[in-house]
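Taking it in order: structure first as structure tokens, then the write-up.
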Amino acid sequence: MRGIEWLEGLANFEADRSVAISPVDLVRQAATVLVGTNSGMRFIHVAGTNGKGSVAATAAVLLGDMGFRVGLFRSPHLCRIEERVMIDATPISTERLDQELVQLATLTDQQLVPRLTHFEALFVATLSVFALEGCELAVIETGMGGRDDATNIIDADVAVITSVGHDHLVELGPTLADVLDHKLGIVHDGAAVCLGPLDSVLRAQAADRLALNPTIWIDDLEFERFPGVGGQEIVEHSALGERSFFVPLFGQTSAWNALLAIYAVEAILGRRLSSERIETGLARLHLPGCFEVLRGRPIVVVDTAHNREAAQALGATLIETFGPGHSIGLVMGMSHGRDPSDFLLALGIASVDSIGLLDCGVPVKDLVDAAVAHYPDIKVMDWSVELRPVGELLSSLDTEIVLVTGSHCACGAVLCKDTPTLLLGTP
């Protein structure tokens with residue numbers, strides 16, 4: 001797999017924040033050479049601190065259910081890099097990805113295109129795959145921010161900003177206003193825009209920036225939620241009539257994300273979707289690591305929350321779904337210098353009985369200190385050196401519910417099937 005080996009040898013900002021990203025113009029130059037300029041694809045572009053992966057995947061599923069050939073670019077992945085490049089809800093093959101990366105590597109070696117970072121090269125190769133495979137529509141999730149992100153070489157028909165929160169403040173901040181400014185950078189002239197919940201100050205900032213863009217504000221929608229088994233019923237009230245549909249997702253934030261995806265799809269198609277069309281499309285929806293419930297003993301909930309706002313939403317959804325009074329165990333690992341104490345405080349779970357800790361970048365010692373500070377009587381286990389099967393480790397927490405969270409690394413350790421007998425693989 002020469003192309004994938006070449007990709008893995010590139011500087012990787014996702015793994016090393018000291019890596020300098022390329023100017024968007026250089027990424028566009030590489031894409032023009034590899035892909036050309038007349039693919040005919042139309043785009044939905046999704047940015048946001050939290051929820052962008054859920055919105056992007058939901059929009060792609062809805063479009064695919066209506067018969068369109070749909071590409072979906074996501075980041076990061078849980079188990080395999082091919083998960084980032086999907087066509088019609090299926091990851092492309094390793095061989096197909098490698099083939100396209102070989103082409104880009106050859107052009108780079110011949111100095112016909114600039115040398116890109118790992119994420120940038122993967123995105124350029126993805127656009128080429130989508131074009132060659134005949135995708136009519138593509139849903140693109142940003143890597144980080146928006147304005148300076150490699151994905152901003154596209155001129156999207158619809159831009160979605162899911163949320164603005166306290167993550168990547170070093171790179172995008174220091175204020176939330178700065179973060180919003182980066183994310184609004186994906187909105188180009190004439191694009192329709194769908195915005196998630198914003199406080200009054202950020203909303204005023206967005207309104208000023210989007211004065212000439214047709215905009216849907218999630219805060220202005222009227223809807224009710226009715227949580228149930230396997231998800232929730234959403235009843236939406238509007239001047240165009242009432243819609244009611246079941247969403248196989250849990251919690252308030254997931255309801256917002258589903259509505260953002262629905263409105264983004266309606267914006268790019270130029271028509272309103274019926275309740276039946278929405279419910280039929282969403283019946284196929286599966287979002288690994290998005291409050292994913294693995295039934296058994298114990299019940300395992302896997303959620304990739306990794307910052308303050310995501311932790312708050314996760315804690316609220318856990319209580320709404322299962323109610324209070326259950327014994328809870330945590331499996332937790334965090335990356336990129338994130339603050340475990342801030343995360344646990346935001347999670348808002350009153351009592352945790354035991355915790356299994358993973359080294360995903362933040363040292364286990366720091367995780368232990370944060371866990372003991374919040375839960376003085378907690379049973380602590382260092383799983384970064386464990387070789388026991390995943391199921392045995394989860395059972396060793398001895399709780400009714402186990403919540404796996406804090407990073408894609410921690411969630412992937414439980415969900416990934418390519419190393420089924422080990423939690424993190426052989427050291």
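The values are calculated or read from the model by the stated rules, or taken from the named source; none is laboratory data. All figures in this text were calculated on a predicted structure; none of them were measured in a lab. Glycine also receives a Cβ, built like all others from the backbone with ideal geometry; neighbour counts cover every protein chain displayed. Only protein heavy atoms, including side chains, enter the accessible area calculation; ligands, DNA and RNA are left aside. Shrake-Rupley method; radii C 1.70, N 1.55, O 1.52, S 1.80 Å.
Based on DSSP H runs of at least 4 residues, each adding -39500 (n - 2.57), what is the mean residue ellipticity at 222 nm of the chain after dividing by all its residues, to the nearest 500 deg cm²/dmol? Present the calculation step by step, with values, prior to reporting the outcome.
Working: 15 runs with 162 residues, N = 427.
Rounded to the nearest 500, the figure is -11500 deg cm²/dmol.
Going by accessible area, probe 1.4 Å, with all protein chains left in place, what is the ranking of Trp256, Trp6, Trp383, largest first?
Trp256, Trp6, Trp383
Charges only on Cβ, +1 for Lys and Arg, -1 for Asp and Glu: so what's the dipole of the chain about the Cα centre, in debye to the nearest 20?
That gives the chain a dipole magnitude of about 500 debye.
With every protein chain left in place, what is the accessible area of Leu172 in Å² (1.4 Å probe, nearest 10)?
10
Top mean-square fluctuation among Pro91, Pro389, Pro76, Gaussian network model of the chain, C-alpha springs under 10 Å?
The residue with the greatest mean-square fluctuation here is Pro389.
Before anything else, pin down the relative contact order of region 193-261: Cα pairs under 8 Å, at least 6 apart, normalised by residue count, whole percent.
Working: 87 pairs, mean separation 18.9, N = 69.
With pairs under 8 Å counted, the relative contact order is 27 percent.
Loop-only trypsin sites (Lys or Arg not before Pro) in region 90-199, please: DSSP not H, G, I, E or B, and at most 10 other Cβ atoms within 10 Å. Present the calculation step by step, with values, prior to reporting the outcome.
On the way: sites: Arg96, Arg115, Arg147, Lys183; in loops: Arg115, Arg147.
Taking region 90-199 and a limit of 10 other Cβ atoms within 10 Å, no loop trypsin sites (Lys or Arg not before Pro) are found.
Return, in residue-number order, each cysteine of the chain whose C-beta is not under 4.7 Å from any other cysteine's C-beta.
Lone cysteines by the Cβ rule: Cys135, Cys194, Cys290, Cys411.
Accessible area of Asp88, 1.4 Å probe, to the nearest 10 Å²?
Its accessible surface works out to 60 Å², give or take rounding.
Within 10 Å of each candidate Cβ there may be at most 15 other Cβ atoms; applying that plus a DSSP loop requirement, which GluC sites (Glu not before Pro) in region 153-249 survive?
Working: sites: Glu171, Glu222, Glu224, Glu233, Glu236, Glu242; in loops: Glu242.
Passing sites in region 153-249 are Glu242.
Want the number for Leu112 to Ser238: 0.36 nm per residue separation, take away the alpha-carbon distance, what's left?
Between Leu112 and Ser238, full extension yields 40.1 nm more.
Stretch Phe226-Asp88 to full length: gain in nm at 0.36 nm per residue minus the Cα-Cα span? Mind showing how you got there, number by number?
On the way: separation 138, 0.36 × 138 = 49.68 nm, distance 2.99 nm.
That pair, Phe226 and Asp88, stretches by 46.7 nm at full extension.
Quick one: net charge around Ala239, please, counting Lys, Arg +1 and Asp, Glu -1 for every other residue with C-beta under 14 Å from its C-beta.
Net charge in that neighbourhood comes out at -2.
Taking a ≥ b ≥ c as the square roots of the eigenvalues of the Cα gyration tensor of the chain, is the shape rounded (a/c under 1.5), prolate (a/b larger than b/c) or oblate?
It is oblate, given that a/c is not under 1.5 and a/b is not larger than b/c.
What does the accessible area per residue of the chain come to in Å², with a 1.4 Å probe and no ligands, DNA or RNA counted?
In whole numbers, the chain has 41 Å² accessible per residue.
Describe numerically, in nm with one decimal, the distance between label points set 7 Å from Cα along Cα→Cβ at Asp382 and at Asn213.
4.8
What is the dipole size for region 1-91, taken about its Cα centre, with +1 at each Lys and Arg Cβ and -1 at each Asp and Glu Cβ, in debye to the nearest 20?
200
To the nearest 0.05, how large is the calculated FRET efficiency for Ser200 and Arg69 if R₀ is 51 Å and r is the Cβ-Cβ distance?
0.80
For an R0 of 22 angstrom, estimate the FRET efficiency from the Cβ-Cβ distance between Asp366 and Ala15 and round to the nearest 0.05.
The pair Asp366/Ala15 has a calculated efficiency of 0.70.
Which net charge results for the neighbourhood of Ser274, defined as the other residues with beta-carbon distances under 14 angstrom from its beta-carbon, given Lys and Arg at +1 and Asp and Glu at -1? Please list the in-between numbers first.
Working: positive: Arg243, Arg271, Arg272, Arg277; negative: Asp65, Glu236, Glu242, Glu266, Glu276, Glu279.
Combined, the nearby Lys, Arg, Asp and Glu give -2.
Can you give me the relative contact order of the chain as a percent, contacts being Cα pairs under 8 Å and 6 or more apart?
15
What does the net charge come to around Arg225 if you take all other residues with beta carbon closer than 14 Å to its beta carbon, with K and R at +1 and D and E at -1?
-4
Round to a whole angstrom and tell me the spacing of the C-alpha centers of region 336-408 and region 33-86.
32
At a 1.4 Å probe radius, carbon and sulfur cover how many percent of the accessible area of the chain?
52
Any idea which of Thr49, Gly230, Trp256 is furthest toward the positive side of the dipole for the chain, if Lys and Arg beta-carbons carry +1 and Asp and Glu beta-carbons -1?
Gly230
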